[in-house]
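A short write-up of the structure that comes next.
The values are calculated or read from the model by the stated rules, or taken from the named source; none is laboratory data. Because the structure is a prediction, the values reported are computed rather than measured. Reconstructed Cβ throughout: ideal geometry from the backbone, glycine too, with neighbour counts over all protein chains shown.
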Amino acid sequence: MFKLLKNFNKKDWATVLIILGLVIFQVWLDLKMPDYMSAITRLVQTEGSKMGDILENGGYMLLCAFGSLATAIFTGFLVSNISSNFSMKVREKLFKKIGNLSTNEIKTFSTSSLITRTTNDVTQIEMVITMGLQLMLKAPITAIWAVSKILNKSWQWSAITGISVVILLSIIGILMMIVLPRFKIVQKLTDKLNNATRENLTGIRVVRAFNAEGYQENKFEEVNEKLTKTQLFNQKTMSIMQPTMYLVMYGLTLGIYFIGAYLINNSLMADKITLFGDMVVFSSYAMQVIMSFLMLAMIFMMVPRASVSANRINEVLETESSIKFGDFKDKTNLVGTVEFKNVNFKYPDADEYLLKNINFKANQGETIAFIGSTGSGKSTLINLIPRFYDATDGEVLIDGVNVKDYDEETLNNKLGYVSQKAVMFDGTVNSNISYGDSGKEITVEKIKDAIRIAQATQFVDKMDDGYDSHIASGGTNVSGGQKQRLSIARAIARDPEIYIFDDSFSALDYKTDSVLRRELKKYTKNATSLIVAQRIGTIMNADKIIVLDNGKIVGMGKHKELLDSCEVYKQIALSQLSKEELENDREN
């Protein structure tokens with residue numbers, strides 16, 4: 001947890017010092033009140049005492065009480081400010097760190113776990129800071145100060161107070177040993193609960209279509225029940241602390257008065273009043289000591305879980321991304337070229353290579369298509385270009401420069417990427433098309449052109465607010481085909497050197513697919529297009545088609561050439577087109 005304190009700047013530490021000063025002042029006011037109470041006790045017991053003196057000491061007690069209240073309110077304000085700023089900084093760091101992690105690291109943590117770490121885990125630490133800067137500072141100061149005031153009163157009273165403190169510390173220590181390991185389980189179960197909820201929400205249509213509500217409920221209930229049982233055990237165990245505290249506290253009070261009665265009974269008449277006043281004061285101070293440990297106990301109930309949360313947050317912050325970018329920003333003589341040289345790839349911890357000895361080159365203006373059976377490595381190959389993963393062996397070159405040498409922004413600005421799953425962000429049509437920073441101004445005219453080329457004008461114009469119409473997070477208020485067209489429009493609006501389409505036409509009907517590709521070819525005639533597709537119709541007019549099978553290139557050429565030379569391509573074609581259509585393709 002102490003590593004996270006690096007997020008405190010000089011201003012924060014200055015505020016902490018002010019809080020410390022306020023806490024010391026508050027403790028002084030709290031411990032001053034028993035002195036006035038002792039004076040009032042002596043005045044009441046002494047003959048000839050004036051009422052004015054009693055009222056004066058009572059007035060001082062009220063001033064101390066109100067002063068302590070005002071100090072506590074101001075301290076609470078400062079603590080709330082510093083803890084909320086701390087949470088803001090940590091969440092910001094986590095968000096930026098997660099954004100810079102590679103796909104591999106994100107998969108290691110899981111999406112649901114990263115959400116929990118950014119929200120619930122940070123909240124746990126914020127709560128400890130909020131309570132700690134008040135109670136954790138105040139409790140030891142109060143305890144030490146109060147003990148120093150009562151040590152010279154009576155060794156009997158001091159001894160019973162010491163025994164009470166030892167009993168409290170022993171109980172707290174035992175409870176911590178029992179509960180701490182289970183707090184780690186709680187946070188992991190919270191991850192699983194978030195995952196079950198997220199899975200149910202994102203797949204709600206499939207759940208309903210397959211009448212799987214009961215299955216999902218049982219799945220959620222299983223995790224929820226484990227979390228509930230673990231939390232109940234923790235809470236029941238920690239609930240022992242409070243009644244024990246009060247038992248020790250009231251037992252100590254009883255012990256002080258029992259010893260006080262014995263001492264007063266055996267003392268001289270002249271000392272009885274003094275002993276009675278000391279007993280009242282000692283009782284008050286002893287309660288302050290016990291209350292200090294009660295406050296510490298409240299913190300101890302929160303610290304274990306916050307400690308687990310801090311470790312989970314540090315795991316993310318200390319994770320080094322496996323993708324390291326270079327600093328190359330210069331222009332080269334080549335434009336829009338993509339080359340794979342002896343590229344092999346396997347996923348981390350995998351035994352076998354998914355891609356093997358991949359070699360090809362795409363020049364400016366060419367359209368290169370990739371086709372193959374499911375699992376042949378098409379999407380994985382394409383994902384090596386924007387560096388979602390890095391090649392295990394070999395080189396991936398863009399404009400003659402290894403992608404590993406490029407500055408991140410420079411590399412991304414060369415690419416227009418359309419993912420296999422169309423992604424929409426909460427906002428408007430305009431904000432989704434002009435999304436991100438391409439290094440170029442995306443004007444309204446460019447947005448309209450991009451939407452026209454992507455064959456999305458017709459349905460966008462029919463939306464209530466046209467280009468300013470709302471798009472829900474994930475694009476849940478538009479169809480799959482509409483999402484794909486908007487995703488394609490987003491890439492077109494960037495006007496990049498290289499377009500990457502990862503099976504981005506699958507949700508389109510054949511007519512829309514054909515018209516879109518024809519318009520796209522006109523607009524991107526000076527750009528390189530890399531297309532991953534399942535449909536022969538989508539790629540048959542490509543300048544070069546690369547056929548993949550089990551991670552290897554088994555065919556490369558144009559559509560007609562591959563029909564004669566590549567059996568794998570021919571089988572894919574026969575599964576989609578009739579023999580007559582294929583014969584016509586050969587003749588044409």
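List of remarks:
- Yes/no for Ala196 being more than 30 Å from Ile240 (Cα to Cα) and surrounded by 15 or more Cβ atoms within 10 Å (Cβ to Cβ): yes
- Apart from one condition, Val444 fits all of (1) under 31 Å from the mean Cα position of the chain (by Cα); (2) under 26 Å from Ala527 (Cα atoms); the exception is (1).
- Checking each residue of the range 9-19 against the condition of being outside any helix (DSSP H, G or I) and more than 21 Å from Trp145 (Cα to Cα) gives at least one match.
Residue-by-condition table, conditions (1) buried (at least 16 other Cβ atoms within 10 Å of the Cβ); (2) within 30 Å of Met279 (Cα to Cα); (3) within 37 Å of the chain's Cα centre (by Cα):
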| residue | (1), (2), (3) |
| --- | --- |
| Leu31 | yes, yes, no |
| Glu56 | no, yes, no |
| Phe66 | no, yes, no |
| Glu92 | no, no, yes |
| Ile98 | yes, no, yes |
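- Strands (runs of 3 or more DSSP E) (entirely within the range 296-385) containing at least 2 residues that are of a type in the set (S, T, N, Q): 338-345, 355-362
- Residue in the range 414-438 that is surrounded by the fewest Cβ atoms within 10 Å (Cβ to Cβ), counting only those that are of a type in the set (Gly, Ala, Ser) and under 24 Å from the mean Cα position of the chain (by Cα): Gly436
- Number of residues in the range 509-540 that are assigned to a loop (DSSP other than H, G, I, E, B) and in contact (Cβ under 8 Å) with a residue 40 or more places away in the chain: the value is 7.
- Ile451 meets all of the listed conditions (1) buried (at least 21 other Cβ atoms within 10 Å of the Cβ); (2) more than 28 Å from Lys361 (Cβ to Cβ); (3) under 27 Å from the mean Cα position of the chain (by Cα) but one, namely (3).
- The single condition among (1) in a loop (DSSP other than H, G, I, E, B); (2) over 24 Å from the mean Cα position of the chain (by Cα) that Phe388 does not satisfy is (2).
- Selected residue (criterion: farthest from Tyr499 (Cα to Cα)) from residues of the range 426-445 that are among the charged types (D, E, K, R) and out of contact with any helix residue (DSSP H, G or I) (no Cβ under 6 Å at 6 or more places or on another chain): Glu445
- Answer residue from the range 118-140, given it is part of a helix (DSSP H, G or I) and either among the polar types (S, T, N, Q) or touching a Gly at 6+ places or on another chain (Cβ under 6 Å) (or both) and is surrounded by the fewest Cβ atoms within 10 Å (Cβ to Cβ) among those: Thr123
For (1) surrounded by fewer than 17 Cβ atoms within 10 Å (Cβ to Cβ); (2) over 29 Å from Glu409 (Cα atoms); (3) assigned by TED's automatic domain parsing to the domain that holds Tyr417; (4) basic (Lys, Arg), each residue gets a yes or a no:
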| site | (1), (2), (3), (4) |
| --- | --- |
| Ile498 | no, no, yes, no |
| Asp503 | no, no, yes, no |
| Asp513 | no, yes, yes, no |
| Leu516 | no, no, yes, no |
| Glu519 | yes, no, yes, no |
| Lys525 | yes, no, yes, yes |
| Ala533 | no, no, yes, no |
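- Any hit, the range 365-372, residues being acidic (Asp, Glu), over 30 Å from Gln124 (Cβ atoms) and buried (at least 16 other Cβ atoms within 10 Å of the Cβ): yes
- Taken over the range 104-117, the criterion of being in a helix (DSSP H, G or I), within 20 Å of Asn194 (Cα to Cα) and not hydrophobic (A, V, I, L, M, F, W, C) is satisfied by Glu105, Lys107, Thr108, Thr111, Ser112, Ser113, Thr116, Arg117.
- Check on Phe501, out of contact with any Cys (no Cβ under 6 Å at 6 or more places or on another chain) and either modelled with pLDDT under 85 or of a type in the set (Asp, Glu) (or both): no
- In the range 541-572, the residues that are assigned to a helix (DSSP H, G or I), within 46 Å of the chain's Cα centre (by Cα) and of a type in the set (A, V, I, L, M): Val568, Ile572
- Qualifying residue in the range 195-208 (condition: basic (Lys, Arg), modelled with pLDDT under 85 and assigned by TED's automatic domain parsing to the domain that holds Val303): no
Residue by residue, here is whether (1) touching a Ser or Thr at 6+ places or on another chain (Cβ under 7 Å); (2) not in a strand (DSSP E or B) holds:
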residue: Gly394; (1), (2): no, no
residue: Gly416; (1), (2): no, no
residue: Gln455; (1), (2): yes, yes
residue: Gln458; (1), (2): no, yes
